[in-house]
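To start, the structure itself, in structure tokens.
Bear in mind that the values in this text are calculations on the coordinates, not laboratory data. Quick caveat: nothing in here was measured; it's all calculated off a predicted structure. Don't worry about glycine lacking a Cβ; one is built from the backbone with ideal geometry, like all the others, and counts go over all protein chains shown.
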Amino acid sequence: MGAEPFFDMHKIYMTPGDGIGPEVMDATRRVMGWYSQNRNFAFDSQEGPIGGAAYEATGTPDPDQTMADAKAADAVFLGAVGGPQWDSLPYDKKPERGLLRIRKELGAFANLRPAICFDALKDASSLKPEIVSGLDILIVRELTGGVYFGEPKGTTVLPDGQKRAVDTQVYTSSEIERIIRAAFELARLRNKRLASAEKSNVMMTGILWREIANHLHKTEFQDVELTHILADNCAMQLVRNPKQFDVIVTDNLFGDVLSDEAAQLTGSIGMLPSASLGARKGEYLPALYEPIHGSAPDIAGKDLANPIASILSFAMCLRYSFERREDAALLDKAVETVLQEGYRTGDIMQPGMNKVGTSAMTSTILKALDRLAV
Ligand code: IPM
Ligand code: MG
């Protein structure tokens, strides 16, 4: 009979991917190391390839082994995928296939993309500071359905020689219901306001989406205020008056676009983490954490990338996968502190601030953790 462990051992799977993915993942690994030394956070991490890196190593961007190992972990961390050297590969070999498959395999349908404007960065946004200061909104993007995965999908050659390409936007009522329910539940923990964005004026999926939102509101979530907004108007309102929103729920494609837009409100897309969660199976909550920025091939390998989005993804993991709210808040606070102290990577650099690279930014965050933890 073995002794009871003093704390849980968390199984973490890391798949850094391409471009700046490996650098920002290194930063996150260092932060995890700090937590294991200082906060009783025991983890056992394994690493594997995805995207272009996996294509180079194994001939496929979505290796079965990566998928199996990811599914066996308590939490999965992904860096970024993609790069110009793989642009001309056939569709099923492109790096993005790896990302889409891992989301689908994990069943991670609820993609939480918070857009928070740190006070120290309110002048870094391209919008006026009064529009973005204090901004704290959450975009809940459906992640495993819609036009990303709908069939038929493909390109055919027509008898007259021209090509015809088709993507299919498709949602079942259960897919819509589970994402809107998740968004209502998250709104309940915040300011109890949910905006549901679709195009019910032109799309059948939009009509069904609105119907289900109304039904859930009436039957389960009357304490949350529900508004419907057309996705194009939502895009406009996000730059006109973003603070009118609390939680926005939307489909896969609109969520992709609106979350990039929301990211820019916060100063830089290099700041924003994301969590993608699946339906809880007993003790197990499928979860994938990734910065929302891409692989940024132009700055890859140069120690220029902002590691904050990736580091804050670990804060989301502490909060959602391991229910360690205080530890998550500590990390959020450490990031806020270094920003207040004037440390900036190139993407958020402002006059008079202290410009640092990926690894120095990570070191300052670790030092802030040391100071804040005592
Ligand atoms: C994102 C990205 C991905 C997406 C790409 C890289 C496939 O833009 O996570 O937002 O479109 O979902
Ligand atoms: Mg995107």
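For segment 116-268, the C-alpha radius of gyration divided by 2.2 N^0.38 Å, with N the number of residues, is 1.17.
Taking 22 Å as the cut-off for C-alpha to C-alpha distance, list the pairs among Lys302/Lys355; Lys333/Lys367; Lys11/Lys367 that go past it.
Going by Cα-Cα distance, Lys11/Lys367 fall outside the 22 Å limit.
Using just its DSSP H runs of length 4 or more, each adding -39500 (n - 2.57), the chain gives a mean residue ellipticity at 222 nm of -12500 deg cm²/dmol after division by all residues. DSSP beta bridges in the chain, what fraction antiparallel, as a percent rounded to 5? Taking every DSSP beta bridge within the chain, about 40 percent pair in antiparallel fashion.
The distance between label points at Asp64 and Leu89 comes to 1.9 nm (points 7 Å beyond Cα on the Cα→Cβ vector).
Once the gyration tensor of the Cα atoms in segment 117-162 is diagonalised, the equivalent ellipsoid follows with semi-axes of 44, 16, 7 Å, ordered largest first.
With a 10 Å radius around each residue's Cβ, average the other Cβ atoms per peptide and rank 336-343, 350-357, highest first.
336-343, 350-357
As a calculated quantity, the FRET efficiency between Asp298 and Glu177 at R0 = 41 Å, using C-beta atoms, amounts to about 0.50.
With viscosity set to 1.306 mPa s at 10 °C, what whole-number translational diffusion coefficient in µm²/s follows for the chain from Stokes-Einstein and a Kirkwood radius over Cα pairs?
Working: Rh = 21.4 Å.
Here the translational diffusion coefficient equals 74 µm²/s.
Residues whose amide H lies under 5 Å from that of Ile139, counting only those 5 or more places away or on a different chain, are Arg113, Ala115, Ile248; hydrogens are built 1.01 Å from N in the peptide plane. When Leu78, Leu312 are sorted by how many other C-beta atoms sit within 10 angstrom of their C-beta, beginning with the fewest, the order is Leu312, Leu78. By the equivalent-ellipsoid construction on the alpha carbon gyration tensor, segment 52-177 comes out with semi-axes of 32, 22, 19 Å, ordered largest to smallest. Pairs of Lys residues in segment 116-268, spaced 8 or more positions apart or belonging to different chains, with C-alpha separations under 24 angstrom: 8 in total.
Highest mean packing comes first when the peptides 160-173, 233-246, 254-267 are listed by Cβ atoms within 10 Å, giving 254-267, 233-246, 160-173. Residues Leu189, Leu372 in ascending order of nearby Cβ atoms (within 10 Å, fewest first): Leu189, Leu372.
Over 16 Å apart: what share of the alpha carbon pairs of segment 135-225 falls there, rounded to a whole percent? Across segment 135-225, Cα pairs with separations above 16 Å total 61 percent. Could you give the Stokes-Einstein D for segment 1-121 in µm² per second, using the C-alpha Kirkwood radius, 10 °C, 1.306 mPa s? Answer, rounded: 100 µm²/s. Counting only Cα atoms, segment 254-304 measures 42, 27, 16 Å along its principal axes, largest extent leading.
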